[in-house]
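The values are calculated or read from the model by the stated rules, or taken from the named source; none is laboratory data. Only a predicted model underlies this, so the values are computations on that prediction, with no experimental measurement involved. Positions of Cβ are generated from backbone atoms using ideal geometry, with glycine treated the same way; all protein chains shown enter the neighbour counts.
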Amino acid sequence: MAIRNSIGLIELGSIAAGFNVCDAMLKAADVQLVLARTICSGKYMVLIRGDVGGVEAAIRTGMTTGNFSIIDTFLIPNVHEDIFPAIAGTTKVDALEALGIIESFSVASLIEGADAMAKTANVRLVEVRLAMALGGKAFATVTGSVAAVTSAVDAGAAMIGRKGLLVNKVVIPQPRPELLNEMI
């Protein structure tokens with residue numbers, strides 16, 4: 001069985017093109033559809049997983065099919081295991097240590113930033129919120145020691161910043177417990 005530790009995403013400005021791209025990507029390679037849906041501000045996203053070669057082939061086909069509708073895209077060859085529960089909203093956190101937040105103008109760049117945060121320091125990825133009721137923006141949160149969270153947030157923000165899509169980054173050293181109730 002192939003190792004499915006790679007993910008790819010295409011974010012589009014057209015819903016109709018999104019359906020077409022999703023179909024083309026699934027036909028192009030042996031990949032698993034993780035998420036395909038409309039997102040705020042009339043965009044569409046397709047998130048797949050599979051082995052590196054399959055994801056790469058599907059993304060390449062999707063980019064050709066989507067043409068001018070593509071807003072952003074990525075391929076992460078060895079995604080951090082915390083990404084999927086954070087996107088699904090199933091991460092269990094009993095208490096927050098320091099809290100780190102990165103915010104992006106695009107879903108694709110945010111997931112890349114969240115992966116960078118999780119891989120940079122000993123932090124727990126709490127949530128990855130993707131453009132629903134956010135005006136098309138996305139954000140991710142992590143918890144851990146102040147030093148680890150600061151390092152992770154800086155790495156995630158730098159990743160998003162390379163695309164010019166960083167909205168903001170914040171580290172809260174001792175968050176009030178009530179903030180956890182507002183997450184996920």
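Scoring ILE48 on the criteria (1) of a type outside the set (Lys, Arg); (2) surrounded by 18 or more Cβ atoms within 10 Å (Cβ to Cβ); (3) part of a helix (DSSP H, G or I) leaves a single failure, condition (3).
Of the set (1) under 10 Å from the mean Cα position of the chain (by Cα); (2) under 19 Å from GLY164 (Cβ atoms); (3) not small (Gly, Ala, Ser), all apply to VAL128 but (2). Of the residues making up region 13-27, those that are touching a helix residue (DSSP H, G or I) at 6+ places or on another chain (Cβ under 7 Å) and more than 11 Å from THR65 (Cα to Cα) are GLY13, SER14. State which residue is modelled with the highest pLDDT when the search covers only region 130-148 and only residues that are in a loop (DSSP other than H, G, I, E, B) and among the small types (Gly, Ala, Ser). In this case the residue turns out to be SER145.
Conditions (1) crowded, with 24+ Cβ neighbours inside 10 Å; (2) outside any strand (DSSP E or B); (3) touching a residue at least 12 places away in the same chain (Cβ under 8 Å), marked per residue:
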| site | (1), (2), (3) |
| --- | --- |
| TYR44 | yes, no, yes |
| GLY54 | no, yes, yes |
| ARG60 | no, yes, yes |
| LEU75 | no, no, yes |
| THR91 | no, yes, yes |
| ASP115 | yes, yes, yes |
| VAL128 | yes, no, yes |
